[in-house]
Amino acid sequence: MDLAFTKEDEQFRHEVREFIDKNFPQKLRDIDKRTDLTREDMLSWHKVLYNKGWIAPHWPKEYGGTDWNITQRYIWDQECANAGTTPLIPFGLTMLGPVIIGFGNDEQKDWVLKGILSGDDWWCQGYSEPNSGSDLASLQTKGELDGDEWVINGQKIWTSTAKFAQMCFCLVRTEPDAPKHQGISYLLIPMDTPGIEIRPIMQMTGDADFNEVFFTDVRIPATNIVGERGEGWKVANATLTLSLIHI
């Protein structure tokens, strides 16, 4: 088996290396300064890649992917690592995006994927809860259907970058009498909805990357559900599986 890179591969590598050298934001090149970045700083590399059309190499081309082959994706990852580029925020690109492609309806594919690609919608993950530990299926945040709206009450914890996020993909118990691995739904929640409170969790470093998120009578459209009602555990497993594949 010949494992050598082809001439075309090396040409692609040169293109990638040159692009990173010319376009990776100067402010992000100093690793020592990456602990105090604004939301705009954290999105600056994302925006550069979006404008180039290279923001989602692992997505299908019809949804905004690059159509690179596996060797090109390997070269891209290798060159980014060699250059020390900052990792992209994973929640939309590597976690939610592939799930929407696989489970979302046409309307969701339209608005969710566009916002992820452009960086206009920053997503956070609403999974962990204070009393659940490692048993995610024991979550207690509940959602009740009231007409054409979900009414959500409960709490999430360790929610990374929630203070920056416009949106949250969240696991909510919608069928309280079902077995714990059933009766969970996967909902998309705008973070500016009335009734949401975000409290930073301060770390020893003085940073507050993690947050508590409280939901009090939060109302979102009934259509903001991914997959079928009560099948959120299946969607959540797909989220975690796909994120590992695309890290």
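The values are calculated or read from the model by the stated rules, or taken from the named source; none is laboratory data. What you are looking at is a predicted structure, and each value in this text was computed from that prediction instead of being measured. Please note: Cβ atoms are built from the backbone with ideal geometry, for glycine as well, and neighbour counts cover all protein chains shown. Only protein heavy atoms, including side chains, enter the accessible area calculation; ligands, DNA and RNA are left aside. Shrake-Rupley method; radii C 1.70, N 1.55, O 1.52, S 1.80 Å.
Assorted remarks:
- Residue by residue, segment 104-112 carries 3J(HN,Hα) couplings of x, 7, 4, 5, 5, 4, 5, 7, 6 Hz when phi is fed to the Karplus relation 6.51 cos²θ - 1.76 cosθ + 1.60 (θ = phi - 60°); x denotes Gly or Pro.
- Ligands, DNA and RNA left out, the accessible area of the chain computed with a 1.4 Å probe is 51% carbon and sulfur.
- Surface analysis of the chain yields an accessible area of 53 Å² per residue, using protein heavy atoms and a 1.4 Å probe.
- Normalised alpha carbon radius of gyration of the chain [divisor 2.2 N^0.38 Å]: 1.09
- Charge dipole (debye, nearest 20) of segment 103-247; +1 at Cβ of Lys and Arg, -1 at Cβ of Asp and Glu: 340
- For segment 79-161: relative contact order, % (alpha-carbon pairs under 8 angstrom, 6 or more apart): 23
- Couplings for segment 156-171, taken from phi via the Karplus curve 6.51 cos²θ - 1.76 cosθ + 1.60 with θ = phi - 60°, read 10, 9, 6, 7, 5, 6, 4, 5, 9, 7, 8, 9, 9, 9, 9, 8 Hz in order; Gly and Pro are left as x.
- Rounded D (µm²/s) - segment 150-195, Kirkwood Rh over Cα pairs, Stokes-Einstein at 37 °C, 0.692 mPa s: 276
- Nearest-0.05 FRET efficiency for residue 22 and residue 192, computed from C-beta distance (R0 41 Å): 0.65
- Ranking by accessible area, most exposed first, for 198, 89, 75 with a 1.4 Å probe: 198, 89, 75
- Shape summary: segment 1-145 maps onto an equivalent ellipsoid whose semi-axes, from the alpha-carbon gyration tensor, are 31, 20, 16 Å in decreasing order.
- Cut-off 14 Å between beta-carbons: net charge of the residues surrounding residue 77, Lys and Arg +1, Asp and Glu -1: +1
- Take every pair of alpha-carbon atoms less than 8 Å apart whose residues are at least six positions apart; their mean separation over the length of segment 1-154 yields a relative contact order of 17 percent.
- Helix axis angle, 7-23 relative to the chain longest principal axis, alpha carbon, degrees: 70
- 0 to 90° range, to nearest 10: angle between helix 39-52 axis and the chain longest Cα axis: 60
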